[in-house]
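One structure is given below, encoded as structure tokens.
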Amino acid sequence: MNRPLLAVALAGIVLLAGCSAPLQTATAAESDDATTVVTTGSGSVTADADLAVLSLSVVAVADSADAARSDAANRSSALVDALRDAGVDDDTITTAGYSLNAQYDREDADPTEYRAVHAYRVEVAPDEAGAAIDAAVADAAAEVWGVSFTLSADTRADLRAEAVGNAVADARADADAAADAAGLTVTGVDQVEVGSTPVFAGRTLESADASTELRPGPVTVEATVTVTYHAE
């Protein structure tokens, strides 16, 4: 004989008996006798950033396309040399974009000048970012389009695993509470679906001696899980 349908409204938890139904991305197993509890848990882990990503570019403007290209090439070489001298590894300096465009006045059909832009992505340790920026600007007249503080791949993977574990514990606590309120006990897991969203934070300040001082904020990795539990 099928068990009666039980409904428990507790902290966004849905208790399903004798049927299956999705809640967000979770799907309960179909069974005539199964009672399932579907919960969503969240977890987060915060750590110091271990990677700074610099967006730098050189810009050249000239009367001809070739002159702009040549000037940009010279400026690019100067930028890479400046970064090397500042201790930045070659394999962390990569091209993020390149453009060479004609510039026009509104009343003139012919180009008035040409503008070349070579944009770079540069990865350094957070405490080395300020020195790299100063070298790029002073020695190559580079433009700084942005700085972000984030996590290396290994650190991100470790923190994500921890955040997922916290989210699963959160989901299980809610499932136990819902089952207990309905006079049941959680006996197993039918399905788990995981999602995660890293959050980056940081800010840039200039100190009084005109060198660039960067003060990264903490980086938080968040995870959510939707879990379908069996209950009896």
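A short reminder: the numbers here are calculations on the coordinates, not readings from a lab. The structure presented is a predicted model; accordingly, all values stated were derived computationally and were not measured. Methodologically, a virtual Cβ is constructed for each residue, glycine included, from the backbone with ideal geometry; neighbour enumeration extends over all protein chains shown.
If you split all Cα-Cα distances of the range 65-121 into 5 Å bins from zero, what percentages do you get per bin, shortest first?
Reading upward from the zero bin: 4, 17, 22, 18, 14, 10, 7, 4, 3, 1.
In whole angstrom, how far apart do the alpha carbon centroids of the range 138-189 and the range 109-129 sit?
Distance between centres, Cα-based: 34 Å.
Restricting the calculation to Cα positions, tell me the Rg (one decimal) and the Dmax (whole number) of the range 119-200 in Å.
Calculated on Cα positions, Rg and Dmax stand at 22.5, 72 Å.
Please find the FRET efficiency linking Arg84 to Ala161, where r is the Cβ-Cβ separation and R0 is fixed at 30 Å, and quote it to the nearest 0.05.
In this case the efficiency is close to 0.25.
Find the Rg to Rh ratio for the range 82-232, where Rh is the Kirkwood radius over alpha-carbon pairs and Rg uses the same atoms.
Ratio of gyration radius to Kirkwood radius: 1.24.
Starting from a Cα-only point model with no solvent, please compute log10 I(q)/I(0) by Debye for the range 34-136 at q = 0.17, 0.18, 0.21 1/Å.
Results for the range 34-136 at q = 0.17, 0.18, 0.21 Å⁻¹ read -0.82, -0.87, -1.02.
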